[in-house]
Amino acid sequence: MSKKKKKDNTPTLLKVIRWIYPKVETIFPWLAHRFAVNLFFTPLRYQSPEKELKAGSFGEFFTVTAANKRIQCYKWGSSEKTVVVIHGWAGRATQFRRFVKPLLAAGYQVVGFDGPAHGRSEGKKTNILEFGETLEKIYEVVGIPEAIIAHSFGGPVSLVSAMNGLQIKTLVTIASPTIAEDILDSYLQIINGSVRTKEFFKKEVVRQTGKPFYEFSSLYAIKNINQKINLLLVYDEDDREISLMHPQALMQAYPTAELMQTKGLGHNRILKDDTVIKGIVTYIQRYTSV
């Protein structure tokens with residue numbers, strides 16, 4: 001009996017782009033390459049499920065301004081000990097809804113934000129520097145947190161911010177990309193782009209920021225951080241987006257990092273697993289100042 005084919009959950013828009021992009025790149029490469037750069041920094045907005053909306057409803061709302069955008073922020077509970085959560089690309093703070101009650105029960109308040117151009121925040125395009133600026137604004141409101149829990153893109157946001165001087169005591173990254181080249185290669189697969197797209201993208205990042213793309217990666221950041229961070233890496237071996245070579249590379253560069261490896265949870269379900277959540281809360285408690 002043949003195996004049942006897994007459902008393709010790729011958004012229709014991306015399917016269309018994947019089909020048409022190589023054709024446009026062949027005829028009008030200059031147009032295709034500029035489109036690819038703009039698309040890379042333009043997150044898709046997904047509708048929040050009912051359970052996420054419910055989680056948002058029992059938190060307190062506040063806003064900060066970062067990168068000239070109004071940023072929607074959330075706070076659950078009230079404590080001198082804060083845990084900040086950072087969602088991934090095309091995500092929302094309320095994706096951490098299953099973490100809220102266990103962290104409250106452990107004596108923490110939970111603070112999150114919809115990144116620029118994400119969720120209920122303003123903007124259409126954004127980048128890692130704007131996320132980092134937002135995180136700095138959160139620090140101004142709540143002080144230095146006991147820990148940060150970051151999913152996917154939130155991982156490099158945290159580590160690049162730490163490299164740039166933001167103090168992070170304890171960091172938990174979940175299903176987070178680490179290697180710059182792999183991030184670009186994955187993006188090329190999504191849009192069906194060629195190596196020419198990749199080379200144009202790299203040059204454009206240097207033109208816009210003055211730095212090569214790899215300097216905005218977790219692997220580069222962890223090698224250039226001038227502070228000690230308690231680091232837990234949580235990855236699933238069945239994650240289709242982020243392979244285990246990402247935490248392995250990070251652990252080689254930062255040997256004190258610990259790895260929590262799961263199976264069968266993928267890239268997003270890992271945020272809802274009770275065993276994972278319990279393990280993360282326990283890890284944070286281990287390093288919380290008395």
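Read the figures in this text as sums done on the coordinates, not as results from a lab. Because the structure is predicted, anything quoted here is derived from the model rather than measured. For neighbour counting, all protein chains shown are included, and Cβ atoms are generated from backbone atoms with ideal geometry for every residue, glycine included.
Under a 10 Å cutoff between Cα atoms, tell me which one of LYS198, LYS54, LYS75 has the largest fluctuation in the Gaussian network model of the chain. Maximum among the listed residues: LYS54. Here SER78, SER194 are placed in order of increasing Cβ neighbour count within 10 Å, fewest first, which gives SER78, SER194. When each of the peptides 274-282, 169-177, 246-254 is scored by how many other beta carbons lie within 10 Å of its residues on average, the order from highest to lowest is 169-177, 246-254, 274-282. With a/c under 1.5 counting as rounded, go ahead and sort region 49-180 into rounded, prolate or oblate using the C-alpha gyration tensor (a ≥ b ≥ c being the square roots of the eigenvalues; past the cut-off, prolate if a/b is larger than b/c, else oblate). It is rounded, given that a/c, with a ≥ b ≥ c, falls under 1.5. Pairs spanning more than 22 Å between alpha-carbon atoms, out of LYS75/LYS263; LYS101/LYS125; LYS69/LYS137; LYS54/LYS101: LYS75/LYS263; LYS101/LYS125. Our estimate of slack between ARG269 and LEU104, defined as 0.36 nm per intervening residue step minus the Cα-Cα distance, is 57.3 nm.
Counting only alpha carbon atoms, the long axis of helix 12-27 and the longest principal axis of the chain meet at about 40°. Using C-alpha pairs below 8 Å separated by at least 6 residues, the relative contact order for region 1-132 is 24 percent.
Once you have a ≥ b ≥ c as the square roots of the Cα gyration tensor eigenvalues for region 152-238, tell me rounded if a/c is under 1.5, and otherwise prolate or oblate according to whether a/b is larger than b/c. Verdict is oblate for region 152-238.
Rounded to the nearest 20, the size of the Cβ-charge dipole of the chain about its Cα centre is 800 debye, with Lys and Arg at +1 and Asp and Glu at -1. Relative to the longest principal Cα axis of the chain, at what angle does helix 29-40 sit, 0 to 90 degrees, rounded to 10? Once rounded, one gets 10 degrees.
Among SER158, SER217, SER79, the residue with the largest mean-square fluctuation in a Gaussian network model of the chain, with springs joining Cα atoms closer than 10 Å, is SER79. Simple spin-label estimate for ASN226 and THR209 gives 2.0 nm between the two label positions (7 Å along the Cα-to-Cβ direction from each Cα).
Residues TRP89, TRP76 in ascending order of nearby Cβ atoms (within 10 Å, fewest first): TRP89, TRP76. Between the Cα long axis of helix 180-191 and the first principal axis of the chain there is an angle of about 60°, rounded to the nearest 10.
For the chain, modelled as a GNM whose springs connect Cα atoms under 10 angstrom apart, the maximal fluctuation among VAL195, VAL84, VAL111 occurs at VAL195.
Using the Cβ atoms and a cut-off under 14 Å, what net charge is assigned to the surroundings of PRO145, where Lys and Arg are +1 and Asp and Glu are -1? Summing Lys and Arg as +1 and Asp and Glu as -1 gives 0.
A value for semi-axes √(5λ) of the Cα gyration tensor in Å was derived from the coordinates, and within the list (i) 31, 21, 16; (ii) 30, 21, 20; (iii) 27, 23, 19 it appears as (ii). Relative to the current alpha-carbon distance between ARG70 and ASN192, full extension at 0.36 nm per residue lengthens the span by 40.5 nm.
Counting only DSSP beta bridges whose two residues both lie in the chain, roughly 35 percent are antiparallel.
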